[in-house]
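**Student:** Before I ask anything, here is the structure I am working with.
Derivation of every value follows stated rules applied to the coordinates shown; laboratory data play no part. Everything numeric here is computed off the predicted structure, so don't read it as measured data. Positions of Cβ are backbone-derived with ideal geometry, glycine not excepted, and every protein chain shown enters the neighbour counts.
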Amino acid sequence: MPQPSALDQLLTTADASLRTLFAAPRASRQCPTLPLETSDLTAAEKAQSGALMRVNHVGEVCAQALYTAQALATRNTALRAQLLRASAEETDHLAWTRQRLDELGSRPSLLNPLWYAGAFGLGLLAGRLGDKLSLGFVVETEKQVEAHLQSHMQRLPAGDHASRAIVAQMKDDEARHARDAQAAGAVAMPAPVRALMRGAAMFMTTVAHRI
């Protein structure tokens with residue numbers, strides 16, 4: 001496959017950004033919720049689920065930014081294809097979480113453009129550091145996201161079967177993305193970088209829970 005031109009990559013990147021932030025996302029896979037399992041929630045439970053799913057939606061906005069930026073940065077066509085495949089699955093997550101927010105009567109974060117811009121910058125930096133470190137960044141990011149989703153499984157109301165099914169599928173996908181990146185030659189991120197990533201994620205989740 002020939003290397004895309006710089007203009008083609010920039011146009012693709014701009015299109016991906018606009019779609020993530022302003023278009024209704026479309027999933028390529030069926031939402032993992034089970035039609036026969038209804039989620040009868042109190043107002044307080046809906047508010048709790050809505051806040052948690054807003055955080056998860058922000059995570060998917062950031063995932064789109066990270067993968068798009070890393071795909072832009074690499075000159076390795078095989079790695080670019082791998083990153084874009086992962087991004088396509090993250091688009092499913094984006095659509096599922098947005099759909100669930102609507103069902104809960106909640107809304108996405110008002111700061112999504114800011115979250116996207118910050119994540120895009122981090123992804124571009126990781127990509128410029130080389131493919132192995134870029135893959136290491138994927139591994140660490142996905143491991144942290146997997147742990148975050150596991151914590152949400154414990155915090156979501158027991159009766160919110162729909163949100164729990166979505167989060168469970170997302171968790172499985174994130175773990176596979178980490179394994180794929182590891183198999184592709186990822187190198188471990190230094191401990192200070194991992195700690196910085198955890199701090200940034202904590203700030204984002206805390207703010208997105210409310211705004």
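**Student:** In angstroms, what radius of gyration and Dmax does the chain have, counting Cα atoms only?
**Tutor:** 16.8, 55
**Student:** Based solely on its DSSP helices, what 222 nm [θ] is calculated for the chain when runs of n ≥ 4 H residues each add -39,500 (n - 2.57) and the sum is averaged over all residues, nearest 500 deg cm²/dmol?
**Tutor:** -26000 deg cm²/dmol
**Student:** Using the Karplus equation 6.51 cos²θ - 1.76 cosθ + 1.60 (θ = phi - 60°), what ³J(HN,Hα) coupling, rounded to whole Hz, does each residue of region 129-146 give in order, writing x for Gly and Pro?
**Tutor:** 7, x, 5, 5, 6, 4, 5, x, 5, 4, 4, 5, 4, 5, 5, 5, 5, 4
**Student:** Which angle between 0 and 90 degrees, to the nearest 10, do you get for helix 6-22 versus the longest principal axis of the chain when only C-alpha atoms count?
**Tutor:** 10
**Student:** Another question about this same structure. With a Förster radius of 45 Å, plug the Cβ-Cβ distance of residue 42 and residue 19 into 1/(1 + (r/R0)^6) and report the FRET value to the nearest 0.05.
**Tutor:** After rounding, the FRET efficiency stands at 0.80.
**Student:** Tabulate in residue order the Karplus-calculated ³J(HN,Hα) for region 159-172, using 6.51 cos²θ - 1.76 cosθ + 1.60 with θ = phi - 60°, rounded to whole Hz; enter x for Gly and Pro.
**Tutor:** Rounded to whole hertz, the list is x, 8, 5, 5, 5, 5, 5, 5, 5, 4, 5, 4, 4, 5.
**Student:** Using only alpha carbon pairs under 8 Å that are at least six residues apart, calculate the relative contact order of the chain and give it in whole percent.
**Tutor:** 29
**Student:** Further, regarding this structure: What relative contact order, as a whole-number percentage, does region 92-169 give when Cα pairs under 8 Å and 6 or more residues apart are counted?
**Tutor:** Relative CO of region 92-169 lands at 29 percent.
**Student:** Starting from the Cα of residue 132, draw a straight line to each of the lysines and keep only those under 25 Å, dropping any in the same chain fewer than 8 residues away.
**Tutor:** Within reach: 143, 171.
**Student:** In which sequence would 161, 177 go, from the one with the fewest C-beta neighbours within 10 Å to the one with the most?
**Tutor:** So the ranking, lowest neighbour count to highest, is 161, 177.
**Student:** Now for a different question. Provide the per-residue ³J(HN,Hα) series for region 59-64, in order, calculated from phi with Karplus coefficients 6.51, -1.76, 1.60 and θ = phi - 60°, each as a whole number of Hz, with x at glycine and proline positions.
**Tutor:** Karplus values, whole Hz, x for Gly and Pro: x, 6, 4, 5, 4, 4.
**Student:** Still on this structure, please answer the following. If we count other beta carbons within 10 Å of each Cβ, what is the order of 141, 33, fewest first?
**Tutor:** By the 10 Å Cβ count, ascending: 33, 141.
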